[in-house]
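Scroll down for the structure; my scribbles are underneath it.
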Amino acid sequence: MSGETLEQVEIKIAFLERANNELSDVVARQQKEIEALRAELRSLASRLDDAQRDEPGYTAEEERPPHY
């Protein structure tokens, strides 16, 4: 292997290491965002469940007929 070929390989390795680190940072940031979104979704689902539980249910007798 010549010195020039070795240098090209080293440059490619350095580029790949930098790209790998950048991708790792992106994945870590996305994981944090996913966890935050999941927590928000759980909170919203809980609020929706609470709102539906607090809402009075109507029976067939309490419903207005369609002609009203």
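Please treat every number below as a calculation from the coordinates, not as lab data. The shown structure was predicted, so the numbers you read here are calculated from the model rather than taken from an experiment. FYI the Cβ positions are ideal-geometry reconstructions off the backbone, even for glycines, and counts take in every protein chain you see.
Size descriptor for the chain, Kirkwood hydrodynamic radius: 17.9 Å (Cα pairs only, one decimal). Other residues with beta-carbon under 15 Å from the beta-carbon of Ile11 carry, at +1 per Lys or Arg and -1 per Asp or Glu, a net charge of -2. Along the Cα→Cβ direction, 7 angstrom out, place labels at Ser43 and Arg29. What is the inter-label distance in nm? If labels sit at Ser43 and Arg29, their model points lie 2.2 nm apart. Taken along the Cα-to-beta-carbon direction at a fixed 7 Å, the label points for Glu22 and Ser2 span 3.0 nm.
Relative to the dominant Cα principal axis of the chain, helix 3-54 is inclined by about 10°.
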